[in-house]
1. Shape of the range 1-146 from its Cα gyration tensor (a ≥ b ≥ c, root eigenvalues): rounded if a/c is under 1.5, otherwise prolate when a/b > b/c, or oblate?
2. Per residue of the range 23-38, what does 6.51 cos²θ - 1.76 cosθ + 1.60 with θ = phi - 60° give for ³J(HN,Hα)? Whole Hz please, x for Gly and Pro, Karplus curve as stated.
3. Ordered by packing density, taken as the mean number of other Cβ atoms within 10 Å over each peptide's residues, highest first, how do 169-181, 65-77, 273-285, 42-54 rank?
4. Using a Förster radius of 30 Å, what is the FRET efficiency between Gln9 and Arg93 based on their Cβ-Cβ separation? Nearest 0.05, please.
5. Taking the Cα centre of the range 1-127 as origin, sum charge times position over the Cβ atoms of Lys and Arg (+1) and Asp and Glu (-1), and report the length of that vector in debye to the nearest 20.
6. Using alpha-carbon pairs under 8 Å, 6+ residues apart, how would you state the relative contact order of the range 4-222 in percent?
7. For the range 121-131, take each phi angle, set θ = phi - 60°, evaluate the Karplus expression 6.51 cos²θ - 1.76 cosθ + 1.60, and give the result in whole Hz per residue in order, putting x for glycine and proline.
8. Mind telling me which of Ser262, Ser193, Ser309 comes out most flexible in a GNM of the chain, alpha-carbon contacts under 10 Å?
Amino acid sequence: MQDLDIQHQLYQESRPRDWKKLERLMKPQRAGEVHGKPYYRFFQTLNGTLEIVPRLINLSIQPVNSTVPFHIHNYTEITVPLRGSCQAVLPTRTIELEQGDLLIVGNHTPHTVKKVLDGTLVVSIEIRQAAFSFNDLDLIRNQRGLTSIIFSLLADESYGEGRYGYYQSSNDRVIPLIIDDIVKEYYTGGQLSDQLVRLDLLEVFTRLTMMVDQRPNEVDQNQEKQAGTNLMAVLLYIEKNYATVTLRELAQEFSFNPNYLSELLKKQTGMTFIKLVKLQRVNVAAKYLIYTTASIDEIAQKVGYENPSYFYKVFRQILGKSPSQYRKENQV
C-alpha cells in the first residue's frame, strides 16, 4: 500500500460528494437511459478538487457514501479497489470487485459504482486515445482478444460501446504492486511521472494478456470478436510510414481496394485513415518535443506537415494544447 502522505491525499479525495449539487454546478448532458434511469456524459477528466486535468492518463478516486449516476466517457476507464471492495454496475450485470481486481470499461459504455463505505479506496485510471501507439498495442497482441478492448483507447464515437473486461488480478502477486506504483508516481508528480505511469500500464496490460492465456477462468471479457491479424499489420504500417503514407499506397501494400480498406479501418478502430495518420504524426511529434531541442517548424516537417500552421491546428485538436505549451510542460 502507499506511503502515509499519499494515503492521506487519497482519503481526502474520497470524501463524500453530493450529486445534486454537482449536477447543478457542472451541468452534465444526459446521454440516454439505463433501466429507466438517466445516464450522463462525463467527458472531462477531473482532479480531487474537481478541476479539469488535460492529461492523457488521469487518476481519480471514488467518493465514499455517495451516489454516482450511470455515466459514459469518451475515454477508457480502469476501476481498481486499492482498499476494500466495490460493486461496479453495467447495463447487463453487476460485478463484485475485490481489492486488486481490475475492470476495464470501453468508451461510451454506461456504468457506475455503487456507494462505497468509509475506509474504502477505489481508483479510476482514465486513459485518453493518444496515450498509446499501435506499436505499444502490438507488443501485447493476443489471440483471445485483450487487444480489442484496448483498441477502445484509440477509438472515437461509439466504438467502445458495450465493451468491458473484468480481471480477477487480486490473485496475481505483481499487478496490485504495479497499480500501487502507478498511484505513487501519479501523486508524487516527478519529472518523468507521466512516462513511468504509461510504462507501468503497459506492463499491467501485458500481465493481463498472460492471465487470459494461463487463467481464463479469472477473466470475463464482453466484446466483439477481434479483427483479423491483417488489421494490426495495417496499423503498424501506418505507424512506420506515417510521414508519407497515402490510402492508395496502403491499400496496394495489403492488396485491398482503397474504399474497402477505408471502411474497414473506420469500422474496426472508429477512426478514418486520415485520423489514424494524424494521431500517429502527433504521437511522434510529442516525443520530439519532449526529448529534442528541434524547432517546432522542423518537427512539423519531420512528421509530414509542410505547413506549420496546419500542424499547430492538428496538434491542438488531438492533445488539447499547443506544441509549445506541451513542450514546456513535459520536456525532460
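Each reported figure results from applying straightforward, stated rules to the coordinates on display, with no laboratory input. Because the structure is predicted, anything quoted here is derived from the model rather than measured. We place every Cβ from the backbone using ideal geometry, glycine too, and count neighbours over all the protein chains shown.
1. rounded
2. Per residue, the Karplus-derived 3J(HN,Hα) values read 4, 5, 6, 9, 6, x, 7, 6, 10, x, 9, 10, 6, x, 10, x Hz.
3. Going by the mean number of other Cβ atoms within 10 Å, highest first, we get 273-285, 65-77, 169-181, 42-54.
4. It comes out at approximately 0.40.
5. 620 debye
6. Relative contact order for the range 4-222 comes out at 19 percent.
7. Calculated HN-Hα couplings, in order: 10, 10, 9, 10, 9, 10, 10, 7, 5, 8, 5 Hz.
8. Highest fluctuation among the options: Ser309.
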